[in-house]
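Here the structure comes first, spelled out in structure tokens, and everything after it is commentary.
The values are calculated or read from the model by the stated rules, or taken from the named source; none is laboratory data. Only a predicted model underlies this, so the values are computations on that prediction, with no experimental measurement involved. Don't worry about glycine lacking a Cβ; one is built from the backbone with ideal geometry, like all the others, and counts go over all protein chains shown. Each accessible area value is taken on the protein alone, full model and side chains, heavy atoms only, with ligands, DNA and RNA left out. Shrake-Rupley method; radii C 1.70, N 1.55, O 1.52, S 1.80 Å.
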Amino acid sequence: KTPFHIYLISFVAFFSTLSVFGVYFVARQIWRDNYSGLIAALFYAFSTATFSRGMGYLYEDFALPFAFFSIYFYLKAVDAGNTSKSLLLSAISGLCIFICLIGWHFSQFYFLTFTISLLVSYCIYPDEFSKDGKKYFSLALTVAALSMLDTFLRTKNFIFSVQMITLWCGVVLLGYKHIQLHDKIKKLLVFAIISVVLAAKLFIFSSGDGSY
């Protein structure tokens, strides 16, 4: 029978290795080149931050691989186009984000960066981003639904956190592109929705700020 401390050392080493693979796949997906992925993985593997985390088991050792793979699966979903596969891949990306959040609460800052990046891409490439509306909604719905299953995230109103509100804003903007209404009515509708959400955040669901 394997001693527990030996098992724990093997477990930490295994998950630390997964982070390297995550960086490789993300870089390869972005630059469409195996060598680019390999170089990125080598830089990550031999960085000072990676070595310092190797001195013991930290919460991010478990969460970081899922953070990298959440990016990878969403990039794969974008490449898959408007197919059922893309919805599945974006849902898997949302699952990885959820595991990050319950494994390491500092990952809220990664999630915020992730959602802001999606909004910025919408502002820069609105027509291209609007084509990814279904997979974006799949990501948002997956994270929201899974967060309701976790007691801590549910009681701290994570669904109305700054991170999720940023994600919901993207959903509203995507809906704005597809709803067949007069422009003035659509603008008023978007303004009303965002105002209600922000008011609820400020006056009702602000107790969980800083807890995630």
Roughly how many percent of the accessible protein surface of the stretch 1-125 is carbon and sulfur, given a 1.4 Å probe and a whole-percent answer? 74 percent
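Order 136-143, 65-72, 2-9 from most to least packed using the mean count of other Cβ atoms within 10 Å.
Values: 136-143: 21.8, 65-72: 24.1, 2-9: 9.2.
Highest-to-lowest ranking by the protection proxy: 65-72, 136-143, 2-9.
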May I ask for the net charge around residue 85, where only other residues with Cβ less than 11 Å from the Cβ of residue 85 are counted and Lys, Arg are +1 while Asp, Glu are -1? +1
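Please report, in debye to the nearest 20, how large the charge dipole of the stretch 60-153 is about its Cα centre when each Lys and Arg carries +1 at its beta carbon and each Asp and Glu carries -1 there. Let's see the in-between values first.
On the way: 5 positive and 7 negative charges, 56 e Å.
With only Lys, Arg, Asp and Glu charged at Cβ, the dipole is about 260 debye.
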When ranked by the protection proxy of mean other Cβ atoms within 10 Å per residue, highest first, what sequence do the peptides 29-35, 13-19 form? 13-19, 29-35
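How do 113, 50, 83 rank by accessible surface area computed with a 1.4 Å probe, from largest to smallest? Working shown, then result.
Values: 113 85, 50 30, 83 60 Å².
Per-residue accessible area, sorted high to low, gives 113, 83, 50.
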How much accessible surface area, in Å² rounded to 10, belongs to the heavy atoms of residue 47 with a 1.4 Å probe? 30 Å²
Per residue, how large is the accessible surface of the stretch 1-144? Use a 1.4 angstrom probe and give square angstrom. 57 Å²
